[in-house]
Amino acid sequence: MGQSAEDRRLAWFDPDPRGILPLDRFHLPRRLARTMRTTHFTVTADIAFEAVIDECASAVLKRPTTWISGRLRAACVALHRMGFAHSIEIWNGDTLVGGLYGVALGGAFFGESMFSRARDASKIALVHLVARLRAGGFVLLDTQFATMHLMQFGTVEIPRAEYRSRLATALRQSANFHCAGVSAALASLVQSTTDMS
């Protein structure tokens with residue numbers, strides 16, 4: 001990642017502990033499940049990758065500066081064109097109101113950044129991402145850090161050594177971001193929350 005938007009260097013971050021979101025223990029908050037059942041947002045994947053990364057890099061009130069530098073953006077766009085970087089987009093009509101992007105290698109997905117211009121839009125993108133990763137055979141969702149925002153979904157911290165072991169296993173896995181069964185996996189996530197209500 002970059003240190004700032006102007007920094008031409010790319011830094012390798014290897015935090016200890018490391019944040020991951022266990023796909024088999026993903027928690028969908030009930031209020032968000034209700035929102036997803038009634039929302040009129042449209043969700044797509046890999047339709048507007050560059051727009052998503054640009055929105056993630058945009059200045060907002062809570063984050064006036066960004067770590068997404070021009071060099072990092074160019075690298076991610078190149079990875080997207082090679083089929084390794086992916087995005088989830090949330091639309092309100094023709095307007096992009098939320099999304100996220102990350103990099104997929106083997107059975108690991110490395111979440112990079114997300115944005116929201118409408119209530120719950122980035123959260124809905126995350127739920128759709130988890131459904132897609134489950135359906136596609138992914139076994140590791142790397143969040144790098146366990147923020148309060150991500151912890152509500154089940155993100156945990158694990159020691160660096162454990163992370164590296166899980167990563168090695170995930171990289172040997174075969175997974176498919178553009179797979180069949182995403183709708184069924186999403187319905188299962190939402191239904192399991194409804195059943196607990």
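Quick check on my filter: what residues within segment 137-161 are without any contact (Cβ under 8 Å) to a residue 24 or more places away in the chain and either surrounded by 12 or more Cβ atoms within 10 Å (Cβ to Cβ) or not hydrophobic (A, V, I, L, M, F, W, C) (or both)? Full working, then the answer.
First, the residues of segment 137-161 that are without any contact (Cβ under 8 Å) to a residue 24 or more places away in the chain: 148-149, 151, 161.
Selection gives His149, Met151.
Among the residues that make up segment 91-99, is at least one of them touching a His at 6+ places or on another chain (Cβ under 9 Å), in a strand (DSSP E or B) and among the hydrophobic types (A, V, I, L, M, F, W, C)? Give the steps one after another, and end with the answer.
Just the residues of segment 91-99 that are touching a His at 6+ places or on another chain (Cβ under 9 Å), to begin with: 92-93.
Narrowing further to those that are in a strand (DSSP E or B): 92.
Within this subset, residues satisfying the condition of being among the hydrophobic types (A, V, I, L, M, F, W, C) are none.
The answer is no; no qualifying residue exists.
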Discussion item. Need the failing condition index for Met1 against (1) hydrophobic (A, V, I, L, M, F, W, C); (2) at pLDDT 85 or above; (3) in contact with a Leu (Cβ under 7 Å, 6 or more places away or on another chain); (4) not in a helix (DSSP H, G or I), just the number.
Written reply: (2)
Practice prompt. For Glu112, state whether it is in contact with a strand residue (DSSP E or B) (Cβ under 8 Å, 6 or more places away or on another chain) and surrounded by fewer than 21 Cβ atoms within 10 Å (Cβ to Cβ).
Written response: no
Item to complete: Just name the residue that is surrounded by the fewest Cβ atoms within 10 Å (Cβ to Cβ) out of those in segment 4-31 that are aliphatic (A, V, I, L, M) and modelled with pLDDT of 95 or more.
Response: Leu23
Discussion item. Under 6 Å between Cβ atoms, which residue pairs at least 6 apart in sequence (or on different chains) link something in segment 101-112 that is at pLDDT below 95 with a partner that is in a strand (DSSP E or B)?
Written reply: Glu112/Tyr101; Glu112/Gly102
Worksheet item: Among the residues of segment 29-43, is there at least one that is under 19 Å from Thr143 (Cα atoms) and of a type outside the set (Lys, Arg)?
Response: yes
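Would you mind stating whether Thr95 is surrounded by fewer than 24 Cβ atoms within 10 Å (Cβ to Cβ), polar (S, T, N, Q), farther than 19 Å from Thr169 by Cβ and at pLDDT 95 or above?
On the way: surrounded by fewer than 24 Cβ atoms within 10 Å (Cβ to Cβ): yes; polar (S, T, N, Q): yes; farther than 19 Å from Thr169 by Cβ: yes; at pLDDT 95 or above: yes.
Considered against the rule, which asks whether it is surrounded by fewer than 24 Cβ atoms within 10 Å (Cβ to Cβ), polar (S, T, N, Q), farther than 19 Å from Thr169 by Cβ and at pLDDT 95 or above, Thr95 comes out as yes.
The values are calculated or read from the model by the stated rules, or taken from the named source; none is laboratory data. This structure is a prediction, so every number in the text was calculated from the model and none was measured. Methodologically, a virtual Cβ is constructed for each residue, glycine included, from the backbone with ideal geometry; neighbour enumeration extends over all protein chains shown.
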